[in-house]
Protein chains: 2
Amino acid sequence: MALTLEEVARLAGVSRSTVSRVINDHPSVRAETRRRVWEAIRESGYRPHAVARSLVTKRTHIVGMVIPEVVTHLFTDPFFPILLRAATAACNEQGYQLMLSLFSSSADRQEIYQRLVRNAYLDGVIVASAALEDPLISDLLRDGVPFVCVGRSPDERVHSVDVDNIGGTQMAVDHLIRLGHRRIGMVTGRPDMTAGQDRLEGYRRALSAHGMPVEPELIVEGDFTEASGMAGMQRLLPAEPSAVFMASDTMAVGALKALRRAGRRVPQDISLVSFDDIPVASATEPPLTTVRQPIGRMAALAVEALLDLIEQPGSGPRRIVLPTQLVIRESCAKKEVVNP
Amino acid sequence: MALTLEEVARLAGVSRSTVSRVINDHPSVRAETRRRVWEAIRESGYRPHAVARSLVTKRTHIVGMVIPEVVTHLFTDPFFPILLRAATAACNEQGYQLMLSLFSSSADRQEIYQRLVRNAYLDGVIVASAALEDPLISDLLRDGVPFVCVGRSPDERVHSVDVDNIGGTQMAVDHLIRLGHRRIGMVTGRPDMTAGQDRLEGYRRALSAHGMPVEPELIVEGDFTEASGMAGMQRLLPAEPSAVFMASDTMAVGALKALRRAGRRVPQDISLVSFDDIPVASATEPPLTTVRQPIGRMAALAVEALLDLIEQPGSGPRRIVLPTQLVIRESCAKKEVVNP
DNA sequence: AGAGTGTGTGGGAGCGCTCCCAAGAGGTAC
DNA sequence: GTACCTCTTGGGAGCGCTCCCACACACTCT
């Protein structure tokens, strides 16, 4: 039904090879011939068959975006949608397509991995927010599949793009300290994700840098969800922090609710800083002071690194860390130091 | 580098064809041979080359999810993430993969359409929330590509899965009327999307069914974004509605903000109903009374319909309409009828 | 004993493309 | 006139698979 090279060739009065050359922009075709061939292509509405082409070239121009099981339930957090959108745009710009792989169970993981990567349908993979020690990473390394992680990986061989979670958090906590706060709490992210770990580390370092003690009762574990932010804040209140660093904006939204229910005003009674600067951060009451991470840029860089890797394999691991920026809104206030 | 059928065949001491039969579960292979072949496959770690297979079978087992330009900026609305997640899960269950195509400009649209559909990399397409008269629809129809729309299409030939936007809205507005409200406003969704149109139509019908006039000053146009909900509510206030139907939860969140700023309490001063029941609806202050649409089921049904269409083409257009459900929370109150 | 009927199995062809090698055309230099 | 280029072009091979046809072998029935 669909046209083939051969038929277009007949139409243009040349051979299959010549048409192929024209399509692939090979230089050694006479200008006049080239013109004739393009005309035949245009007239016939011919489109090369991508699958046949892939069989020969060993390239599908499809990359996978893999979002491992642990985070699919975070999908209502706009982080992933924003990442996805930016990655798709970056891929399309380079003539690549993005295939989505979310998996909810680790049986799925195996299955999808086998089906896609090993079956050679993907040229490469972007792994978003892998948990530490994700078996996917070792599979990819073993099989030599080009891939880039969004979020740092502890493995030195892994190419990755990440934001400076430690530095960003330090900035945020420094800000609170500069405002006079001395009892600063934190509700953490998932401890099995690097972003969760690094933000906790940044909090610790900021306190230590100012000679302040890190008190366990001021640290409560969360998992990046709004519910965990609300619950975390509730558990934190008895310890009477005057300011709290929430590991994500989504969690801060939960915290705001907990505080409203507890009758505490933000920022008058308690100050809040968080991380991400997703759209909701500027829409809360009060708007959140938060650490902005350039999600879109991360996605674009990850795609860029991946395509480089696909097109010229074997370059040394590239580990990009993007800077963050503190966006000051209205969720923090000066702490009156009553008796210094 | 990678193994081929031929090599596995040599390993098992049979022919290429026999190995192919075993892999494709063809019945006419002796049990003993089958066992030997599976063992050779297992030992060698052989994986069939999906692209080569596709070249022969004309099936890639990849379907596209196309989200047209007009809605990509809504991507922080959890509707699409939820849809995407459910569609991915449904595809994977059937051994299909989902390819994501978002396009921001209509030049992209052409480009991606050509590259994917016409180049035969996709077995079928799910079109999410096409605007009316989207040229994509006519392209797909012309080229005979199997596709299913999420959201109704005016074209009779199009397979689609939609929720009963009209009926759902009627339920919501009926609820307000039953509570005694007589001045009921509406902030609409995008008028170029069927969901936007149908929800407006439902509002009109509910009023008419109760013999109430449809007053233009009580209808304000929005576009499904939170910002438009906020602005819309502000513009509606001078008309003094005692209740408002917001075309989406996201817009209702905006409306709540506008009301808080205007010093109006919900539901004491003004009642609110909306549509979608996304997670945020139960997390607002007060929680929203809203019309629940089963996004996940819509995605699953769309995938199911699409795969049927791919596997046995030519069945008549299927137009599924799912029922909605009114979820009553705390954003509506009885209207005291002062002087009846 | 010969024809008929299955059941398993092997091998050729072909999917639509790219890539390589060879060969024709046209020129230039000796 | 011959040798030797360079520039274009054509055709064969082959990517790794599936599908079809043919054939070998074991039975059964006349």
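The values are calculated or read from the model by the stated rules, or taken from the named source; none is laboratory data. In this text, all values refer to a predicted model and were calculated from it rather than measured experimentally. Positions of Cβ are backbone-derived with ideal geometry, glycine not excepted, and every protein chain shown enters the neighbour counts.
Is segment A:101-110 home to any residue that is polar (S, T, N, Q), assigned to a helix (DSSP H, G or I) and modelled with pLDDT of 85 or more? No - not one qualifying residue is present in segment A:101-110.
Among the criteria (1) at pLDDT below 90; (2) under 23 Å from the mean Cα position of the chain (by Cα); (3) more than 9 Å from chain A (Cβ to nearest Cβ), the one residue B:96 does not fulfil is (1).
What number of residues within segment B:29-56 are within 10 Å of chain A (Cβ to nearest Cβ) and in a helix (DSSP H, G or I)? The total comes to 7. Can you confirm whether residue B:152 is touching a helix residue (DSSP H, G or I) at 6+ places or on another chain (Cβ under 7 Å), free of Cβ contacts under 8 Å to residues at least 60 places away in the same chain and either part of a strand (DSSP E or B) or not hydroxyl-bearing (Ser, Thr, Tyr) (or both)? No; evaluated as a whole, the condition is false for this residue.
One residue stands out in segment A:1-10 among those that are more than 7 Å from DNA strand C (Cβ to nearest atom) and not aliphatic (A, V, I, L, M): the one that is farthest from residue B:58 (Cα to Cα), namely A:10. Within segment A:174-196, the set of residues being free of Cβ contacts under 8 Å to residues at least 24 places away in the same chain and buried (at least 16 other Cβ atoms within 10 Å of the Cβ) is empty. Within segment B:6-13, one or more residues are on the phi > 0 side of the Ramachandran plot, more than 12 Å from DNA strand D (Cβ to nearest atom) and either more than 8 Å from chain A (Cβ to nearest Cβ) or part of a loop (DSSP other than H, G, I, E, B) (or both). Of everything listed in (1) surrounded by 15 or more Cβ atoms within 10 Å (Cβ to Cβ); (2) modelled with pLDDT of 95 or more, the single unmet condition for residue A:269 is (1). Considering the conditions (1) within 14 Å of another protein chain (Cβ to nearest Cβ); (2) among the hydroxyl-bearing types (Ser, Thr, Tyr); (3) part of a helix (DSSP H, G or I), residue A:208 is excluded by exactly one of them, (1). Counting the residues of segment A:11-47 that are among the polar types (S, T, N, Q) and more than 8 Å from DNA strand C (Cβ to nearest atom) gives 5. May I ask you to verify whether residue B:168 is at negative phi, more than 14 Å from chain A (Cβ to nearest Cβ) and not hydrophobic (A, V, I, L, M, F, W, C)? Yes: the conditions hold for residue B:168.
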